[in-house]
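A quick write-up on the structure given underneath.
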Ligand SMILES: Cc1cc2nc3c(=O)[nH]c(=O)nc-3n(C[C@H](O)[C@H](O)[C@H](O)COP(=O)(O)OP(=O)(O)OC[C@H]3O[C@@H](n4cnc5c(N)ncnc54)[C@H](O)[C@@H]3O)c2cc1C
């Protein structure tokens, strides 16, 4: 039955039912809280939820979903709400499930190197926990504010400091526990067979039924997250690159050497502070791109050896005519680069507080083309460009982020930026790229370009797991 035709129970009746499930302190329908959960810094339109609910257990989530499913109430899960593409905005109102109270670290398995965490555990919390309890292991952390969720980041195929070695953070999940919209509790991975959260390598793997869906197929309540040996030492080298055309060659040689922990490239606008607005041209002596290379090792000798390897690659590139040059950064700047999560000076907001970035996974040889199209499209609509590049999985793919701070108070600017994001999405898809965590507007472009049989399968899965269409309406609107 379409959601619009469902007969809704009274608001007061729903409120009382929710209060019975989680207790009065953990439900709100007050305007100020509903406002807080209605928007984020992206261009996505705000939508106010009817209720904000903070469940404290799997049982409570189950009861909430049973109620929502029975009454046809939309449910949108969230932890940090920080994707910068509006993925946790409750597009059709209903219930926002804020999962932050579910913050237990259920198991730390040192020998098999994983942690089982509840759905509200934040990146900052797991990082601190490991530093205090198991300092020789770490996990792949997004360079996002520490209040974002470990599980949401993995669910949206996020990337962290270990993604150059091991892929997206969704590749580092051993298994999930999920409450389905119809109330059943499902486990994927080895925990579907017994107690162990060791691996996905057992039954046909259904973990993917919940990855990349932005909450539209169920609520993940626990996940086993892979941990990795933490290096004893880390250091960084810095390079200036003067020619965009050189990027694919630089990436190819440096990533395939397999000596780097992480590699970041920024357009000049990412290092030049606020004076880049509104639209100054690049000064001639400023390199188009700067590159930070992070190295790690068990010993200082290992680091020195890796530095020599990188420097020798750079010399080689220079001999081949690639305009690349090492430069030094002040100790504090270097320290900032080595922090995990690190901060990026360009993620400051302009007046008006808007920020959105379009992420695209691009085949490495096409990265210069994607970069240049980004410049043209941004400038064509009157925006300054700001590009950020990160190779993943030893350089199999490169993630390019087109970042736009903007004035959210100006509807004209918002409209223009939406057009920029749409145009860039089409360009990236035409180049053979795929979009990362697209907003609901951009999901339509993905679906227009997707294979129809694949979309039909998505629809079948969605209808079978979420027959009343209550979960995360607005995300992957297949029918
Ligand atoms: C300054 C800055 C830097 C950033 N840098 C990075 C970076 O380096 N790498 C990176 O990957 N990202 C980065 N991000 C993007 C984003 O912050 C992260 O990906 C973050 O992990 C999202 O987590 P969240 O808790 O904010 O997710 P939310 O917005 O709360 O949730 C994300 C999505 O998952 C769904 N969801 C949440 N919990 C569940 C659940 N339990 N079950 C089912 N669905 C659920 C939500 O409905 C939503 O669709 C950055 C963001 C900012 C603001």
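The numbers here are math on the coordinates, done by the rules we state, and not lab data. As the structure is a prediction and not an experimental result, all values here were calculated from the model. As a convention, Cβ positions derive from the backbone with ideal geometry for all residues, glycine included, and neighbour counts pool all protein chains shown.
Separation of region 309-331 from region 11-36 is 58 Å, based on Cα centroids. Nearest 10 degrees, 0 to 90: what angle lies between the long axis of helix 123-133 and the longest principal axis of the chain (Cα atoms)? That helix lies at roughly 80 degrees to the long axis. What whole-number distance in Å separates the alpha-carbon centres of region 160-191 and region 79-95? A separation of 20 Å, based on Cα centres. Listing 381, 47 from fewest to most neighbouring C-beta atoms within 10 Å gives 381, 47. Extension gain for the segment residue 459 to residue 165, taken as residue separation times 0.36 nm less the Cα-Cα distance, is 102.5 nm to one decimal. Seen from a random direction on average, the alpha-carbon convex hull of region 283-344 projects onto 5.6 square nanometres.
How big, in percent, is the set of alpha carbon pairs in the chain lying more than 34 Å apart? Across the chain, Cα pairs with separations above 34 Å total 36 percent. Taking each DSSP H run with n ≥ 4 as -39500 (n - 2.57) and averaging over every residue of the chain yields -9500 deg cm²/dmol at 222 nm. Can you tell me the orientation of helix 300-319 relative to the chain, as the angle in degrees between its alpha-carbon axis and the longest Cα principal axis, to the nearest 10? Tilt relative to the chain: about 70 degrees.
Quick one: plug the Kirkwood hydrodynamic radius of region 323-479 (C-alpha pairs) into Stokes-Einstein at 10 °C, 1.306 mPa s, and report D in µm²/s.
Numbers: Rh = 17.9 Å.
It diffuses with D of about 89 µm²/s by this estimate.
The share of Cα pairs per 10 Å bin across region 55-97, counted from zero up to the longest distance, runs 28, 49, 22, 1 percent. Remark: C-alpha extents of region 105-229 on the principal axes read 38, 29, 24 Å, sorted largest to smallest.
How high is the relative contact order of region 105-229, in percent, counting Cα pairs under 8 Å that sit 6 or more residues apart? Let's see the in-between values first.
Working: 250 pairs, mean separation 37.0, N = 125.
Over region 105-229, the number comes to 30 percent.
For region 233-437, dividing the convex hull volume of the Cα atoms by the residue count gives 122 Å³ per residue.
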